[in-house]
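Asks: Take this structure, written in structure tokens, and hold onto it; I'll ask about it next.
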Amino acid sequence: MTERKSGFRRVVCSIAQKFHSHEHPGAEGAGWNKNVAGPISVDSTSLRGKVALITGSSKSIGASIAKTLAAQGAFVVINYAKDGRSAEEVAQQINMAAITSTSDLASGSLPLKSMDHHGNGDNDVETPRQQPEQQQAIVIKADSSTISGGQYLLQETLRLFGRLDILVLSAGLMGSKALSEIDESFFDAHFNFNVKAPLFLVKAAADVMTRPGGRIIFLSTSLTAASTLLPNALCYVASKGAVEQITRVLAKDLGTQGFTVNTIAPGPVNTALFRAGTPQHVIDSIAAQIPNHRIAEPDDIAPIVAFLASPAAQWVNGQILGVNGGYVV
Ligand SMILES: NC(=O)c1ccc[n+]([C@@H]2O[C@H](COP(=O)([O-])OP(=O)(O)OC[C@H]3O[C@@H](n4cnc5c(N)ncnc54)[C@H](OP(=O)(O)O)[C@@H]3O)[C@@H](O)[C@H]2O)c1
């Protein structure tokens with residue numbers, strides 16, 4: 001681990017130096033914990049030249065986050081575990097949008113030739129495939145529910161993009177069993193996926209991420225605060241509660257190095273994770289309790305992550321931000 005960490009550092013330092021020399025002045029000058037004159041706005045160049053890794057980003061909330069960060073100028077890593085086609089589609093959409101964009105978000109900012117890269121979940125097969133230069137999104141297959149998968153994801157991100165500014169821990173597990181039904185493996189699966197693997201990914205990433213200005217954003221759930229939660233939410237909510245406490249403590253710890261660490265806590269979102277195991281009548285009754293009478297779509301959530309990733313959010317640290325349309329107040 002020590003050797004690997006110093007290896008990361010060497011790669012990042014040498015490439016980041018090159019990268020900074022090519023970077024649009026706005027990327028550094030627009031904040032990242034620097035004192036600037038006047039308020040910092042959020043716009044389509046807020047994340048210009050930044051590199052963002054979003055775990056579980058081939059579908060649902062993670063995919064929407066990746067597209068939104070890319071739309072604000074970030075280079076993004078699309079991570080998936082099983083369905084490579086969806087991951088490719090998301091990357092393709094981002095790369096096509098970048099080509100057709102008149103705002104020239106990526107121009108001059110990419111540190112390395114990027115590649116679509118497919119390891120397997122056990123990290124033992126690597127088949128890099130050279131792609132045209134200046135791709136804004138790359139695909140990395142890695143199992144983000146394990147520490148080794150996270151290490152591999154980080155290593156490949158640094159190898160292909162040369163730096164990391166924004167880490168979003170979106171991949172997660174939401175099982176549904178009450179106390180009488182749970183066993184050790186169900187409990188461990190939730191804490192491994194939702195707590196242990198993200199925490200150790202953050203630990204490794206914190207050594208190599210841009211500082212000051214690095215952004216770490218976890219995903220929790222409004223269920224940690226909702227009194228309407230059901231008994232079968234036990235392991236899911238317990239693990240997300242741990243994530244929220246981790247956020248508070250890491251803000252104090254990594255905050256001293258110029259990172260912000262925050263968590264967004266969405267209410268129900270229309271994704272496969274939510275729909276699996278949630279009968280339609282339950283979805284309808286939840287929707288009835290939301291002022292807009294609908295559950296969220298992933299695109300309702302992603303802009304809040306983009307805001308937290310932006311220079312404008314440099315003073316938001318250690319917070320759990322509810323994004324639930326007024327479902328939980
Ligand atoms: N949906 C909600 O109502 C809701 C509400 C509050 C909070 N959240 C939180 O928001 C986050 C995202 O939720 P979601 O509903 O968007 O989830 P989702 O629909 O299950 O997201 C699926 C994405 O995660 C990837 N993925 C799954 N397992 C993976 C693994 N082991 N390694 C890497 N990638 C993996 C999938 O890729 P493959 O298909 O290739 O595996 C896909 O890209 C979670 O942390 C969840 O707890 C969700």
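Bear in mind that the values in this text are calculations on the coordinates, not laboratory data. Fair warning: this is a prediction, and the values are worked out from it, not measured in the lab. For neighbour counting, all protein chains shown are included, and Cβ atoms are generated from backbone atoms with ideal geometry for every residue, glycine included.
Quick grid of which residues meet (1) within 15 Å of the ligand (Cβ to nearest atom); (2) over 27 Å from residue 72 (Cα atoms):
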residue	(1), (2)
249	no, yes
274	yes, yes
286	yes, yes
293	no, yes
297	yes, no
321	yes, no
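Asks: Hey, among 73, 49, 56, which residue is within 8 Å of the ligand (Cβ to nearest atom), touching a Leu at 6+ places or on another chain (Cβ under 9 Å) and not in a helix (DSSP H, G or I)?
Replies: On the way: 73 fails: within 8 Å of the ligand (Cβ to nearest atom); 49 fails: within 8 Å of the ligand (Cβ to nearest atom).
Criteria check complete, one pass: 56.
Asks: Suppose we filter 256, 263, 247 for residues that are assigned to a helix (DSSP H, G or I) and crowded, with 17+ Cβ neighbours inside 10 Å; which single one remains? Please lay out each step first, then the result.
Replies: Working: 256 fails: crowded, with 17+ Cβ neighbours inside 10 Å; 263 fails: assigned to a helix (DSSP H, G or I).
Only one candidate qualifies: 247.
Asks: For a quick check of your reading of the model, give me the residue pairs whose first member lies in segment 271-288 and is at negative phi, whose second is of a type in the set (Lys, Arg) and surrounded by 11 or more Cβ atoms within 10 Å (Cβ to Cβ), with beta-carbon atoms closer than 6 Å and at least 6 apart or on different chains.
Replies: So the pair list comes out as 287/294.
Asks: Name the residue that is surrounded by the most Cβ atoms within 10 Å (Cβ to Cβ), counting only residues in segment 56-80 that are polar (S, T, N, Q) and more than 14 Å from residue 215 (Cβ to Cβ). I'd like the intermediate steps shown before the answer.
Replies: Within segment 56-80, the first condition is being polar (S, T, N, Q), and the residues that meet it are 57-58, 60, 64, 68, 72, 79.
Of the ones still in play, those that are also more than 14 Å from residue 215 (Cβ to Cβ) are 57-58, 60, 64, 79.
Numbers: 57: 32, 58: 25, 60: 21, 64: 25, 79: 29.
Once the filter is applied, the top-ranked residue is 57.
Asks: Right, here's the next one. Among 301, 295, which is the only one that is over 20 Å from residue 69 (Cα atoms), in contact (Cβ under 8 Å) with a residue 12 or more places away in the chain, hydrophobic (A, V, I, L, M, F, W, C) and touching a helix residue (DSSP H, G or I) at 6+ places or on another chain (Cβ under 6 Å)?
Replies: Criteria check complete, one pass: 295.
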